[in-house]
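A.B. asks: Take a look at the following structure, please.
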Amino acid sequence: MAGDIDNPRIWLNADVYVADPGTAAPTGVADAWPAGWEPLGLLSQDGMTETREQEVTDHFAWGGILVRTTRSNHKRTIVVTALEDNPVVFGLVNPGSESETVGGITTRTVKVPGKDPRAFGLELRDGDITKRRIIPRGEVVTVGEVTRSEDEMEMWELTINVYPDADGVLYTDITDDPQADDSGS
């Protein structure tokens, strides 16, 4: 069997951080998250899901010979479920809304959501291995159905669209995972 049984990852722990676009991000896996990055809080054990969508068109010459394939409308989304109703989650779920706490009582005025781009940081851990994904610009575009009952935990499923920069870069991954090491190539 080819391969290394130590290479597959099961990400046992994870955090999601949110900041204003342009906020300095960590450059290593051991660095603390700089000022301005706020944790989303507890996440669902279902983990995160990344989806890729794009249109693919095959182009043929006379005689039915495939000569080229083009791709367009590339889209990346990340879905994560937050378990806390903290100020960070409230701000992502209700962009442009207001919250004020006076004397231990919080009043939230919820407005119709508007545009709200943010920077996102994902941190995944498998034992001593850490992987950070820095998304300089994204936006929560969908909030799943929220159930409030005695049978189910209240949670917010957030779908984040990842926006590329002017050079087409969607995100940067930083990891100390030995299997990603290409210094010998």
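A.B. asks: Taking all protein chains together and a probe of 1.4 Å, list Glu150, Glu139, Glu55 from the most accessible to the least accessible.
C.D. replies: Final ranking, largest accessible area leading: Glu150, Glu55, Glu139.
A.B. asks: Let me ask something else about it. Which of the three applies to the stretch 1-75, rounded, prolate or oblate, going by the alpha-carbon gyration tensor with a ≥ b ≥ c and a/c under 1.5 meaning rounded?
C.D. replies: It is prolate, given that a/c is not under 1.5 and a/b is the larger ratio.
A.B. asks: Check which residues have an amide H placed less than 5 Å from Thr81's amide H, if you skip close sequence neighbours.
C.D. replies: Ser44, Leu158
A.B. asks: Can you compute the charge dipole magnitude of the stretch 106-185 about its Cα centre, using +1 on each Lys and Arg Cβ and -1 on each Asp and Glu Cβ, nothing else charged? Give it in debye, rounded to the nearest 20.
C.D. replies: 600 debye
A.B. asks: Here is a follow-up. How high is the relative contact order of the stretch 55-116? Use alpha-carbon pairs under 8 Å, at least six apart in sequence, and give a whole percent.
C.D. replies: Reported as a whole number, the value is 21 percent.
A.B. asks: Using a 1.4 angstrom probe with every protein chain in place, what is the largest-first accessible-area order of Ile78, Ile5? Mind dumping the intermediate values first?
C.D. replies: On the way: Ile78 5, Ile5 140 Å².
Sorted descending by solvent-accessible area, the residues read Ile5, Ile78.
A.B. asks: Can you find, among Ile134, Gly64, Tyr163, the residue farthest towards the positive end of the dipole of the stretch 40-185? Put +1 on the C-beta of Lys and Arg, -1 on that of Asp and Glu.
C.D. replies: Ranked along the dipole, the leading option is Gly64.
A.B. asks: A further question follows. To the nearest 500 deg cm²/dmol, what mean residue ellipticity at 222 nm is calculated for the chain from DSSP H runs of n ≥ 4 alone, each contributing -39,500 (n - 2.57), summed and divided by the residues? It would help to have the intermediate numbers written out before the result.
C.D. replies: Working: 1 runs with 7 residues, N = 185.
Per the formula, -1000 deg cm²/dmol.
A.B. asks: Between Ser97, Pro87, Tyr17, whose Cα lies farthest towards the positive end of the dipole of the chain when Lys and Arg beta carbons carry +1 and Asp and Glu beta carbons carry -1, centred on the Cα centre?
C.D. replies: Of the listed residues, the answer is Ser97.
A.B. asks: Moving on to the next point. Work out the FRET efficiency for Asp173 and Ile105 from their Cβ-Cβ distance, taking R0 = 41 Å, and round it to the nearest 0.05.
C.D. replies: That pair, Asp173 with Ile105, gives E of 0.45.
A.B. asks: To continue, here is another question. Nothing charged except the Cβ atoms of Lys and Arg (+1) and of Asp and Glu (-1): what's the magnitude of the dipole of the stretch 12-82 about its Cα centre? Round to the nearest 20 debye.
C.D. replies: 380 debye
A.B. asks: Using a/c under 1.5 as the rounded threshold, could you call the stretch 1-147 rounded, prolate or oblate? The axes a ≥ b ≥ c are square roots of the C-alpha gyration tensor eigenvalues, and prolate needs a/b larger than b/c, oblate otherwise.
C.D. replies: On the way: a/c = 2.38, a/b = 1.48, b/c = 1.61.
Oblate shape, in that a/c is at least 1.5 and b/c is the bigger or equal ratio.
A.B. asks: Further question: Using the Cα gyration tensor of the stretch 92-164, with a ≥ b ≥ c the square roots of its eigenvalues, what is the shape: rounded (a/c below 1.5), prolate (a/b larger than b/c) or oblate (neither)?
C.D. replies: prolate
A.B. asks: Largest first, how would Trp37, Trp11 line up by accessible area (1.4 Å probe)?
C.D. replies: Details: Trp37 20, Trp11 85 Å².
So, going from the largest accessible area down, we get Trp11, Trp37.
A.B. asks: Could you grab the relative contact order for the chain? Cα pairs under 8 Å, six or more apart, rounded to a whole percent.
C.D. replies: For the chain, the relative contact order is 23 percent.
A.B. asks: While we're on this one: Which value, in debye to the nearest 20, describes the size of the charge dipole of the chain about its Cα centre when Lys and Arg Cβ atoms bear +1, Asp and Glu Cβ atoms bear -1, and nothing else is charged?
C.D. replies: 760 debye
A.B. asks: Under a plain spin-label model, where a point goes 7 Å from the Cα along Cα-to-Cβ, how far apart in nm are Ala180 and Asp165?
C.D. replies: The modelled label-to-label distance comes out at 1.7 nm.
A.B. asks: Can you list the HN-Hα couplings for the stretch 160-166, worked out from phi with the Karplus curve (6.51, -1.76, 1.60; θ = phi - 60°), rounded to whole Hz and with x for Gly and Pro?
C.D. replies: 3J(HN,Hα) across the stretch 160-166, in whole Hz: 9, 7, 9, 9, x, 7, 4.
The values are calculated or read from the model by the stated rules, or taken from the named source; none is laboratory data. Note that the coordinates shown come from a computational prediction; the quantities given were computed from them, not determined experimentally. With ideal geometry, Cβ positions are generated from the backbone for all residues, glycine too; neighbour counts draw on all protein chains shown. Remember, those area values only see protein heavy atoms, side chains included, never the ligands or the DNA or RNA. Shrake-Rupley method; radii C 1.70, N 1.55, O 1.52, S 1.80 Å.
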